[in-house]
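FYI, it's all coordinate maths here, none of it is from the lab. Small disclaimer: the values here were computed from a predicted structure and weren't measured. Cβ atoms come from the backbone with ideal geometry, glycine included; neighbour counts cover every protein chain shown.
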Amino acid sequence: MKIQNFINGKFENPVKDTWIDNYNPSNGEIYGKIPNSSVEDVKLAYQSAKTAFPGWSNSTLEERSRILIKISELLEANLQRFAEAESRDNGKPISLAKAVDIPRAASNFRFFGNAITQFASESHESVGHYAINYTLRQPIGVVGCISPWNLPLYLFTWKIAPAIAAGNCVIAKPSEITPMTAFLLGKICNEAGLPNGVLNIIHGLGTTTGNAIVEHPNIKAISFTGGTATGAHIAKVAAPMFKKLSLELGGKNPNIIFADCDYDDMLETTVRSSFANQGQICLCGSRIFVETSIYEKFKKDFVEKIKQLKVGHPSDPTTNIGALVSKPHLEKVKSYIDIAKDENGIVLCGGNQVTIKDYENGYYLEPTVIEVMNDECRVNQEEIFGPVVTLMPFETETHVLDMANKVKYGLSATLWTNDLKRTMRMSNQLHAGIIWVNTWMMRDLRTPFGGVKASGVGREGGFEALRFFTEPKNVCIKY
Ligand code: NAD
């Protein structure tokens, strides 16, 4: 199947007629072609977005809200089709795509469809100077949204929805590894009545298509989610053009477990926070630190539970762990298991590639738990982004805080404890943009989302996203 670019409300082949293969991770087979769009395609998308901008930026908030909510409803009505497409493209269990990815993509449109009607700007009365200042929040113009493969439609829409709600026109690029649901979204936008050119979806490699978006001088803002190295490159290209940048990058998140936690709840959630989506969520707690007094018990119980997880074909409803997203990614994750062994890590369970009958060339890997005795080893410092977690005991709060913060990343952290004062002390001191206490991945879309250090710059979510996608302009009137 050939997918096409979505430009000015129409599906188009790439100008240079160059294509790349799309793989199905569950069987390792090529099942489609996607455009490898060039500068020429970006130019066409830009022209269409630029033409649509005056009309869209002057549309009423009610009109934008109505269209965004309609897109959300159409996604919900097409849940099964989208979930199947997401699962086939990415390798994730269809049950997960149905319960999380697609419903949350629909929520993104509904949330920002509502949020834009509540978004307000400020006014300041300069008392004694007989003047009033009011701040306009104007859309930026044409903006670029670039997203990764792990939660394809979910993260794609997390950017697009606030960008168009705020009155911008968008050129969006999904990951070339998982382009399918972004392709399907175009048709839904037309059905919902989104005017032509407000959203343009172009496909291709990061180094060709992605670069062309970032380098385009008139695309004024870039919202990017992906790897830290790519983020650094984008920042370098965009900075001399003074583009607005939001960078959501990698993570190596600590999951800190104190003996006073609600044990069963913690255990069940830790299974999820370690291996949901094959561990390919930037928020996964890939470094598990456990207080010494319950370390041995936790180790036994956790490993027992992980051994029960079923690695299987994504369309099998009993599958817990599907396929990894690509062969190069599978090889990268496997290489970290070898690195762990070289560093004297002990593989407590997993560690092997899995062959599934009839799908022998799929990219399956056992969920892997590695015990490490040193938090400075590579498997505890570098992002693996797969079904691999490390386990390590800690003695004191100071000890674990030091280890938790001693990585270059700072996206999220999870804390399991019932001690209120400790919760507050540690939440204050952890280097992360998001702290979960006695839960994981609970999302309220109004809250700021993003990381510190090498995990990124800026925040998404709620009014933070609407602020990013608007330019404040102050008007001062003397009377
Ligand atoms: P990636 O950086 O390789 O690619 C992300 C996107 O950027 C893709 O669409 C890709 O085509 C594009 N891209 C690549 N090179 C580019 C360039 N030079 N110019 C412009 N665009 C370019 O990341 P990935 O492998 O797709 O995703 C995995 C990474 O994403 C992990 O590091 C993960 O932690 C991170 N991630 C972060 C968050 C977050 O919210 N912080 C969420 C999900 C994933």
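In this structure, Gln138 and Tyr31 have a Cβ-Cβ separation that, at R0 = 41 Å, corresponds to a calculated FRET efficiency of about 0.40. Compared with the dominant Cα axis of the chain, that is its longest principal axis, helix 327-342 is turned about 40°.
Please work out the FRET efficiency for the pair Ala239 and Asp402, using the Cβ-Cβ distance as r and a Förster radius of 41 Å; give the result to the nearest 0.05. Between Ala239 and Asp402 the formula returns 0.80. One Cα centroid belongs to segment 49-91, the other to segment 360-403; the line between them spans 38 Å.
Can you put Arg425, Arg104 in order, fewest other beta carbons within 10 Å first? The partial results should precede the final answer.
Values: Arg425 13, Arg104 19.
Starting with the residue having the fewest Cβ neighbours, the order is Arg425, Arg104.
Other residues whose C-beta falls under 15 angstrom from the C-beta of Thr269 contribute a net charge of -2, scoring Lys and Arg +1 and Asp and Glu -1. Relative to the longest principal axis of the Cα atoms of the chain, the long axis of helix 263-275 makes an angle of roughly 60 degrees.
Based on other C-beta atoms within 10 Å, arrange Trp158, Trp56 from fewest to most. Mind dumping the intermediate values first?
On the way: Trp158 27, Trp56 22.
Least crowded to most crowded, the residues run Trp56, Trp158.
Exposure proxy ranking for Cys189, Cys169, based on other Cβ atoms within 10 angstrom of each Cβ and starting from the fewest, stands as Cys189, Cys169.
Scaled against the 2.2 N^0.38 Å expected of a compact globular protein of N residues, the Cα radius of gyration of segment 1-84 reads 1.41. Note on Asp316 and His124: the extension gain reaches 63.3 nm, defined as 0.36 nm multiplied by sequence separation minus the Cα-Cα distance.
Each 10 Å bin from zero holds the following percent of Cα-Cα pairs in segment 408-469: 22, 47, 27, 3.
Taking Cα atoms of segment 89-147, Rg/Rh with Kirkwood Rh, to two decimals?
On the way: Rg = 20.3 Å, Rh = 15.8 Å.
Taking Rg over the Kirkwood Rh, I get 1.28.
Rounded to the nearest 0.05, the FRET efficiency derived from the C-beta distance between Asp260 and Asp17 at R0 = 45 Å is 0.10.
Length available on full extension from Lys300 to Thr60: 0.36 nm per residue minus the Cα-Cα distance, which gives 80.6 nm. Working value for segment 234-308: equivalent-ellipsoid semi-axes of 36, 13, 9 Å, each the square root of 5 times a Cα gyration tensor eigenvalue, largest first.
Per the Kirkwood formula applied to alpha carbons, segment 327-428 shows a radius of gyration over Rh ratio, Rg over Rh, of 1.06.
Kindly provide the helix-only [θ] at 222 nm of the chain, computed as the sum of -39,500 (n - 2.57) over DSSP H runs of four or more divided by all residues, to the nearest 500 deg cm²/dmol? Working shown, then result.
Details: 15 runs with 180 residues, N = 479.
Roughly -11500 deg cm²/dmol at 222 nm, from the helical runs in the chain.
Rg over Rh for the chain works out to 0.99, both radii taken from alpha-carbon positions and Rh defined as the Kirkwood radius.
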